Amino acid sequence: MRDRGATYLLLAPAALIFGTLFILPLAYFLVISFWRVVLFKLKPDLTIANYLQVFELHLPTLLFTLGLALVIAVVTTCLGFVYAYLIRFKAGRLGPVLLFVALITLFGGYLMKIYSWMTILGITGVLNTALKALGLISEPLPWLFYNVGAVVVTLVNFLLPLAILPIYASMRGITDIEMEAARDLGAGGWRRFSDIVVPRSNTGIMAAFALCFLLAAGDYLTPQLVGGKVNMIGVQIAPQFGGLGNWPLGSAMSFVTLGSSLAVILLSIVLLLQWRPR
Amino acid sequence: MNRPSNIVWGGIGVLFAVFLLSPLALVVLFAFTSRPQSAFPIEALSLRWWEAMWVNPNFVPALWNSLMISGTVGLICAIVGTMAALGLAQLDERRARLAAAVLCLPLMLPPLVLGVALLSFYSRARIPMGPQTVIMSHLLFALPFVVLVVYARLRNFDFRVVESARDLGASPVRAFFTVTLPIIRPTVVGAALIAMALSLDDFVITFFTISKGMTLPTFVFAMIRTTVTPAANAVGTLILVMTIGATLIALWLTRYRG
């Protein structure tokens with residue numbers, strides 16, 4: 001009925017951008033993970049030495065990063081679920097306002113949020129000043145800053161809007177009629193929640209979890225700026241493309257991180273799909 | 001709903017809103033402090049850090065780069081994204097959804113990985129790095145948003161009006177410019193503004209692909225790496241005003257209702 005050629009012509013520029021700026025660079029990036037660096041120059045090769053080196057040198061960092069990303073993704077997804085649930089079922093006319101807050105904090109402020117948490121958690125930061133002014137503490141608490149907790153708080157804050165929106169999008173598909181029908185058939189609050197709300201939000205929950213996990217596992221700025229000595233794999237990857245100049249190793253580290261992240265995500269999704277409410 | 005549970009949910013809502021908004025609010029607040037630290041107490045309000053930002057020799061070039069890059073990204077995304085959305089609207093829904101999901105893949109990658117992969121690619125392809133490579137990189141993550149927003153608008157678009165125009169002898173291109181575009185223009189502009197906001201806010205990918213020169217986010221980064229003064233808050237506030245302003249106009253134009 002419609003002209004196929006015109007359809008492809010319309011899609012062509014987007015496909016071109018996707019192909020030359022995403023597929024091609026990633027393919028090349030994967031290829032160089034099997035290369036070597038000789039005298040500061042890339043040398044084509046077919047070696048798995050870089051991957052072996054990742055496991056030799058960076059395995060503890062990698063495992064720590066995956067664990068931390070898991071904690072961050074679980075916390076963010078749960079909080080995002082609560083917030084989406086609040087917007088959809090509890091907030092009534094205030095729902096749009098809460099949604100608006102999530103949307104505003106979505107666009108804008110990755111670097112500014114990290115910077116702001118530096119000023120909140122630091123020794124002379126907002127939190128210490130406030131606690132001191134209230135007379136709750138006499139000396140600033142040094143453990144607020146430059147540790148794992150600060151990284152978790154900052155990343156959860158940054159990722160939360162990204163978790164709220166997909167979960168809310170799938171909850172929007174649940175109609176009031178379904179919920180009322182369930183109630184009329186005698187389903188209590190918990191039963192409606194576990195038999196309708198959770199299964200129907202599955203796609204959103206999985207999308208939120210996967211996104212939060214990948215972005216947390218690949219972050220390198222937050223640990224540097226608020227984490228102090230907290231060592232995530234991204235902190236080790238970034239300098240391979242700066243001062244250290246070992247691109248093949250950096251590439252191998254990136255793909256090991258991506259691969260192991262995907263493995264953790266798939267495993268978590270399989271576990272989530274086991275949700276058999278009773 | 002009984003009252004105690006309402007109060008509990010209200011409290012949770014307030015806590016969430018404070019948690020989400022306070023970091024951004026504090027950035028803005030400290031931009032107007034008279035003291036040399038971004039900290040309480042704020043003794044008096046002052047514009048001295050805005051002045052400090054303005055006289056910094058790196059500021060104007062960074063502002064110019066940011067505006068030029070995000071403007072170009074917005075324009076290209078509006079054109080290419082609208083074309084792609086029109087193409088998707090002609091496919092059956094299952095295929096269109098699949099194509100849209102594939103287009104969104106770059107959003108799932110950590111920006112660090114995308115940034116270093118693009119860096120190595122540009123270097124291999126001997127593309128000189130600068131604002132032009134930043135624009136190319138930003139297209140990758142800004143385009144999916146434009147395609148999705150415009151495609152969503154076209155999904156409840158009455159294509160019979162276009163068919164009428166075609167029956168009356170308008171070429172497909174003419175029918176697009178006289179019928180389709182005027183109807184979907186607010187959505188296209190809104191989507192382009194979102195693309196601009198995303199581009200303006202990006203730090204990581206810009207950092208790896210700009211080589212030399214600065215945008216506002218890399219300018220802020222340089223400031224907070226050295227001596228932290230509230231001048232960083234002033235630049236940050238400027239970025240927030242631009243990105244959130246663009247988002248607000250976009251939401252209003254596309255009449256986003258969740």
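Bear in mind that the values in this text are calculations on the coordinates, not laboratory data. This one's a predicted model, so the numbers in the text were calculated from it and none came from an experiment. We place every Cβ from the backbone using ideal geometry, glycine too, and count neighbours over all the protein chains shown.
Going by what's in this entry, would A:Phe18 be described as part of a helix (DSSP H, G or I), touching a residue at least 40 places away in the same chain (Cβ under 8 Å) and facing chain B (nearest Cβ under 9 Å)? No; evaluated as a whole, the condition is false for this residue.
Residues that are among the basic types (Lys, Arg) and closer than 14 Å to B:Pro230 by Cα within the range B:1-40 comprise just one, B:Arg35.
From the list B:Thr187, B:Thr218, B:Thr180, B:Thr226, the one residue that fits, being touching a helix residue (DSSP H, G or I) at 6+ places or on another chain (Cβ under 9 Å), of a type in the set (Ser, Thr, Tyr) and more than 14 Å from B:Thr82 (Cβ to Cβ), is B:Thr218. Would you be able to say whether some residue in the range A:30-43 is within 8 Å of chain B (Cβ to nearest Cβ), out of contact with any Gly (no Cβ under 6 Å at 6 or more places or on another chain) and assigned to a helix (DSSP H, G or I)? Yes: the range A:30-43 contains one or more residues that are within 8 Å of chain B (Cβ to nearest Cβ), out of contact with any Gly (no Cβ under 6 Å at 6 or more places or on another chain) and assigned to a helix (DSSP H, G or I). Of note, A:Leu165 satisfies the criterion of being aliphatic (A, V, I, L, M), farther than 30 Å from A:Gly250 by Cβ, surrounded by 15 or more Cβ atoms within 10 Å (Cβ to Cβ) and within 11 Å of chain B (Cβ to nearest Cβ).
Yes or no, residue by residue, for (1) facing chain A (nearest Cβ under 10 Å); (2) assigned to a helix (DSSP H, G or I):
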{"position": "B:Phe121", "(1), (2)": "yes, yes"}
{"position": "B:Ile127", "(1), (2)": "no, no"}
{"position": "B:Val134", "(1), (2)": "no, yes"}
{"position": "B:Ser137", "(1), (2)": "yes, yes"}
{"position": "B:Leu143", "(1), (2)": "yes, yes"}
{"position": "B:Val147", "(1), (2)": "yes, yes"}
{"position": "B:Tyr151", "(1), (2)": "no, yes"}
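When the range A:11-28 is examined, which residues are found to be among the aliphatic types (A, V, I, L, M), buried (at least 22 other Cβ atoms within 10 Å of the Cβ) and under 15 Å from B:Ile127 (Cα atoms)? Once the filter is applied, which keeps residues that are among the aliphatic types (A, V, I, L, M), buried (at least 22 other Cβ atoms within 10 Å of the Cβ) and under 15 Å from B:Ile127 (Cα atoms), the range A:11-28 yields only A:Leu21. Checking each residue in the range B:98-119 for being assigned to a helix (DSSP H, G or I), more than 9 Å from chain A (Cβ to nearest Cβ) and touching a helix residue (DSSP H, G or I) at 6+ places or on another chain (Cβ under 9 Å) picks out only B:Ala100. Restricting attention to the range A:15-30, the residues being under 17 Å from B:Met83 (Cα atoms) and either touching a Ser or Thr at 6+ places or on another chain (Cβ under 6 Å) or of a type outside the set (Phe, Trp, Tyr) (or both) number 4.
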